[in-house]
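The values are calculated or read from the model by the stated rules, or taken from the named source; none is laboratory data. Worth saying up front: this structure is predicted, and the values here are computed from it rather than measured. Cβ placement follows ideal geometry from the backbone for every residue including glycine, while neighbour counts extend to all protein chains displayed.
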Amino acid sequence: MECGLSRALAALSALFALNWSMFLLTGGPEQAADVRAVAVVFLAQALVTVVRGVRVRLSRRDTWVALALAVVGPLVLAVEGADRLVVGQRCLLEQPAVLLAVAFLPRSVSRWVCLAAISVQAATGWPVEGAAGAFEGVWPVVATAVAGDVLVPLMRMAGDRADRAQQRMRAVRAAAGREEGRREAHRHFQGMLHDEVSSALQAISLPGVSTARLSEAVAGAVNALAAAPAPPGRGERTDLSALVGTLRPPAGTALTIEAPCALLVPSPVAAAVAGAARETLRNVEAYAGARTVRIRLCGGTDAPERSDPVVREGFTLSVTDDGDGFDIDELALSSTGLRRSVIRRMVAVGGSAEVRSAPGRGTVVTLEWTPPVAGPADGEGAAGPREGEPGGTVAQLQAAVGDVRHPLAAVCLPFLVVMGVVAAIHAPRTPGAWPLLIWYGLLAAVTVALLRAGSGIPRPVAGAACAFAVAGALGSFAVLPLAGLADYTSWPIGAVTPLLTLLVIVRPPWEALTALAVEQTGLVLLVVTGPPIAPSAGATVTLLLPALLSPAFGVFGGLVIGRTVARLGGVTLRTEAARSATLASEAARRAREELHRKRLADLGEEIVPFLGTVGAGRYGPDDPGVREQARLLAGAVRDELHLPGVIDRSVRRLLSAARGAGCAVVIQSDSDDPHPPAFLRLLLTAALSEGPVPRELILTVNASAGTARASLVVLPGNEGRARALREAVTEPGSTTNAVVTDSPTSIWVEADVRTP
């Protein structure tokens, strides 16, 4: 924020430097040595302020330097008479000190500094202009002090609001990153369990699997268990054709791959498609009995006339086998491999999967992906915020300071009041000038009305107000003398400043700047074509320059300050975007690793050593004990797939012991989202800890919004087991609508459980 404030004051100082440089260039030999010396010193001070404001940062030291020059300069000029500079030029000696004081000094000190600068100007002008003229001449400095006293705290408030908003945004993004990381790690872990670990354990438990195929499956499972999930790619692209070319054929089949030379897709998409294709080939090997398999990859824009071999659009990948096929209507929607490893993988990256099959006709699995259409804000060449659209200048102002009407009123109203006083003093002195008072009254009323409207100023209204203001200012010289440019007799020229300052902030700047340019050009033409107002061209320019720059300072000052405030939030957002993204990415990474470690802690304690031992060849897969252990571990993996994060070490041992004793354990769910872990663990523990080992145990979990229905069937019945299950489901706060029915042949439990 301080950098933005320094740059805004540097822009205003550039206007001061422009004024003093033109003053020196047009003054010629008519300027006295002390006047030229004062002008040179103030020009140097303005240029130093510009350089420091842009390259370094302004500070209190700049304020004290400006104040010293604001005091010494007028005193030097007063020695020979303060009337050697027109009043508009003398005001420019005090305005830098006033602006820097309200910007960089404590408010209690800055007000005394402003009072000192105003007093010096009034005291040095008093001997020539009298008391009334001296105090009338200080109004630009007073108005500048008031505007700065309002705008500087406003800019700091905007910076504080932007910082607080960024802190909240970072917290929200980090939380969202953690949740997305957990979901992503959950999907990754489920897919890894099914694709790598379960496949390897099944290969070990089955006789006749070749040593090479077994070693490959075990190595893949061990590597998958050891590796934490990688973060999604940030804009990286991968050649999907190359990945497809690495797919190995199912055992006993001939594999044909048709693919373009290169097909670049986002890396997460390529990984998802390759994983889904591998799972499809595993299914072919395990169930299809196929002799041939064909994989065909087509880019979305493939065409015979296309000469570019690199395809960057969507694609379709099909896996076709000539195996036994099956009745698609009998395919279980809860099939773990199809749902998690094929369909859900593709859906997660914005694609789709379709399975077509019939008995005796083979199977076709089609994977499709189309890149999302970029919205107006995301596409190349997207236009910036337009008038009236969210995110435009007014919206940025409102985001920075809230209701823009209050600060605008604090800036514009003092100028309106002071100009009203000046008009009331000077209009009666000029015959026939009373219509100008009516014009100014209407101009002030229009300005106040537009202030009340705030941001809702239509373009036709703004254009009409600008035309009315400029026409009145230039038309005033039909009755006012051009020589009045030396003092406040030409007050209508500056009277348009509040209106144009308002419009340059809340409307597209070109409207107010065009009106200002029309006024400035018209004034120059009046001076050039009218009677002489000074004895020489240089003196004429010296006289005209303050009149031209008086409204320009207000309009350009409003433009600079208003744009700085409006863009402050945007600048902060841009500078913090990288940090916020890093925090969110880091939160997601930690969440992925935390979930991976937690899920693997108990499950991997048995599986990883077992796979490592088999992979090292210490135990042969033909050993019945090894195959039995692989069967039990495969059952534990299936349990984890259906109830992720639910089964802990003690429950897993109970399930393994029951399976080893001949109990047929079936655990299934219609969703792989996390279920209520405490209750399900309690239910399984009660069913397996009491009484003899059951002959059969079936647990089904059906999830719905906010609840999960757990259904448990245990065969045969047992009084002790039934009593333990009743105690489990009636524990306070654990379930709703729990029912336990027992008989000598079976025990049936059904309970609704609140999900986390």
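Among residues of region 270-288 that are within 12 Å of ALA251 (Cβ to Cβ), those with a Cβ under 7 angstrom from a residue that is in a helix (DSSP H, G or I), sequence gap 6+ or separate chain, pair up as ARG282/SER199. Looking at (1) in a loop (DSSP other than H, G, I, E, B); (2) over 18 Å from ARG237 (Cβ atoms); (3) at pLDDT 50 or above; (4) not polar (S, T, N, Q), which is the only condition GLU389 fails? Of everything listed in (1) in a loop (DSSP other than H, G, I, E, B); (2) over 18 Å from ARG237 (Cβ atoms); (3) at pLDDT 50 or above; (4) not polar (S, T, N, Q), GLU389 misses just condition (3). Against the test of being within 42 Å of the chain's Cα centre (by Cα), surrounded by fewer than 20 Cβ atoms within 10 Å (Cβ to Cβ) and at pLDDT 85 or above, the options ALA444, ALA399, ALA467 yield a single qualifying residue, ALA467.
Taking the listed residues VAL411, VAL417, VAL461, the one that is more than 21 Å from LEU516 (Cβ to Cβ), part of a helix (DSSP H, G or I) and either modelled with pLDDT of 85 or more or of a type outside the set (Lys, Arg) (or both) is VAL417, with no other qualifying.
Of all residues in region 476-492, none satisfies being surrounded by 20 or more Cβ atoms within 10 Å (Cβ to Cβ), within 35 Å of the chain's Cα centre (by Cα) and at pLDDT 85 or above. Taking the criterion of being at pLDDT 85 or above and either in a strand (DSSP E or B) or farther than 22 Å from ASN702 by Cβ (or both), would at least one residue in region 326-341 satisfy it? So far as region 326-341 goes, no, none of its residues is at pLDDT 85 or above and either in a strand (DSSP E or B) or farther than 22 Å from ASN702 by Cβ (or both). If you go through region 17-24 one residue at a time, do you hit one that is crowded, with 19+ Cβ neighbours inside 10 Å, among the hydroxyl-bearing types (Ser, Thr, Tyr), on the phi < 0 side of the Ramachandran plot and modelled with pLDDT of 70 or more? No, the conditions are met nowhere in region 17-24. On the given criteria, is ALA230 more than 20 Å from PRO609 (Cβ to Cβ) and modelled with pLDDT under 75? Yes, satisfied. Looking across region 249-284 at every residue that is of a type in the set (D, E, K, R) and touching a helix residue (DSSP H, G or I) at 6+ places or on another chain (Cβ under 9 Å), the one that is surrounded by the most Cβ atoms within 10 Å (Cβ to Cβ) is identified as GLU279. Considered as a group, the residues in region 297-325 that are outside any strand (DSSP E or B) and modelled with pLDDT of 55 or more include one that is surrounded by the most Cβ atoms within 10 Å (Cβ to Cβ), and that residue is GLY323. If ARG90 passes every condition in (1) among the charged types (D, E, K, R); (2) modelled with pLDDT of 80 or more; (3) surrounded by 23 or more Cβ atoms within 10 Å (Cβ to Cβ) but one, which one does it miss? Every listed condition holds for ARG90 apart from (2).
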